[in-house]
Amino acid sequence: MQKRHYGLFFSFILILIALLFWMNLILGSSDVTGGEILQILMGDRSDQVYVSILFGIRLPRAVAGILLGGALALSGYLLQTFFANPIVGPFVLGISSGAKLAVALAMIFFLTRGKEIGLFMMVVSAFAGAMAAMVFVLLLSVRVKSMSVLVVCGIMIGYICSAITDFVVTFADDSNIVNLHNWSMGSLSGINWAEIKVIACIVVFSLCLCIGIVKPMNAYRLGEAYAKSVGVNMIFLRVLLILISSLLAACVTAFAGPISFVGIAVPHLVRTALGTDKAHVMVPASFLGGAAITLFCDMIARCLFAPTEVSISSVTAVFLVPVVIVMMIRRTNRNRND
């Protein structure tokens, strides 16, 4: 019966992603009918404007929404597994903000010298920033035993990194640097096929690593003592969890800026819907759930006030903050009852 429940969930989420993907291709400041989309996809190039809109803007953006949304939710699940706590995520712990600061500084360094930052350097900068924030959080976790205090410290780290980024972007003189403001708020706008290739490589590689460690993760869920008793190398597992989660969060931040609350809320929603926290189920479910939520929120961000576009982080905050609040209230009540 449980496997049937999982099958229904995965069938539903895949259909939902397909529907949202299609809606993202159709809807926007310039509406394109479904028939016109099909004609273009089948090779009709008579209307170059619609062809440009579809292949140059909407299609890569929708693909990016799936890859980056899934990556962010998966990063959140890995962090929740590492800390054994459902209220942590890359945005809450300041990891996304650390990556954002590093990318902004790298962009400014290159742009002030009349050069454009390459895709490789962008990812490296984001990963370095994410790892720096993660290391700082880990050092705090050694001294701070309360998870709630650690989360507050992570939020403070995020605010500091965001404040420095805002100062740097606000007082920049170069017009190209000033345009970094939209990116620093979180947006899928402007992602191209070259960036999609890099994103896909990083996300698929990370996803494969996650699938490879689902058995040790399941053992880790049952306690460190049990994991050691069945032969799990705890140091290796923890290092992998840190590296993969930081790489995924860095990838999202490098190409779309910080996207808030997807990493913390989506794993919780998926966990509640499935009634399990087993890694071999949660890894693909979290990825697909993050893809669906991000596609939906990006569609709202593009279409709600079209042609004006709002930050995707603003939309995810509106929809997902209530989820986080309810989750924290339930967790507090459960701890009191225990």
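The values are calculated or read from the model by the stated rules, or taken from the named source; none is laboratory data. Computed from a predicted model, the values in this text were never measured in an experiment. Methodologically, a virtual Cβ is constructed for each residue, glycine included, from the backbone with ideal geometry; neighbour enumeration extends over all protein chains shown.
Entry remark, region 298-313: residues being in contact (Cβ under 8 Å) with a residue 24 or more places away in the chain and in a helix (DSSP H, G or I) number 7 in total.
When region 16-35 is filtered for residues that are part of a helix (DSSP H, G or I), in contact with a Lys or Arg (Cβ under 9 Å, 6 or more places away or on another chain) and touching a residue at least 60 places away in the same chain (Cβ under 8 Å), only ASN24 remains. For LEU38, the criteria (1) at pLDDT 95 or above; (2) surrounded by fewer than 18 Cβ atoms within 10 Å (Cβ to Cβ) hold in every case but one, which is (1).
Scanning region 82-99 for residues that are outside any loop (DSSP other than H, G, I, E, B) and surrounded by 24 or more Cβ atoms within 10 Å (Cβ to Cβ) gives ILE95, SER96, SER97, GLY98, ALA99. Looking only at residues of region 222-275 that are of a type in the set (Val, Ile, Thr) and buried (at least 24 other Cβ atoms within 10 Å of the Cβ), we find that the one that is farthest from SER189 (Cα to Cα) is VAL270.
For region 50-60, a residue qualifies if it is within 24 Å of VAL310 (Cα to Cα), surrounded by fewer than 18 Cβ atoms within 10 Å (Cβ to Cβ) and over 25 Å from the mean Cα position of the chain (by Cα), and exactly one does: SER52. Counting only helices (runs of 4 or more DSSP H) that fall entirely inside region 174-239 and contain at least 1 residues that are at pLDDT below 85, the qualifying elements are 175-178, 180-185, 224-229. Tell me whether region 141-159 contains one or more residues that are polar (S, T, N, Q) and buried (at least 19 other Cβ atoms within 10 Å of the Cβ). Within region 141-159, none of the residues are polar (S, T, N, Q) and buried (at least 19 other Cβ atoms within 10 Å of the Cβ).
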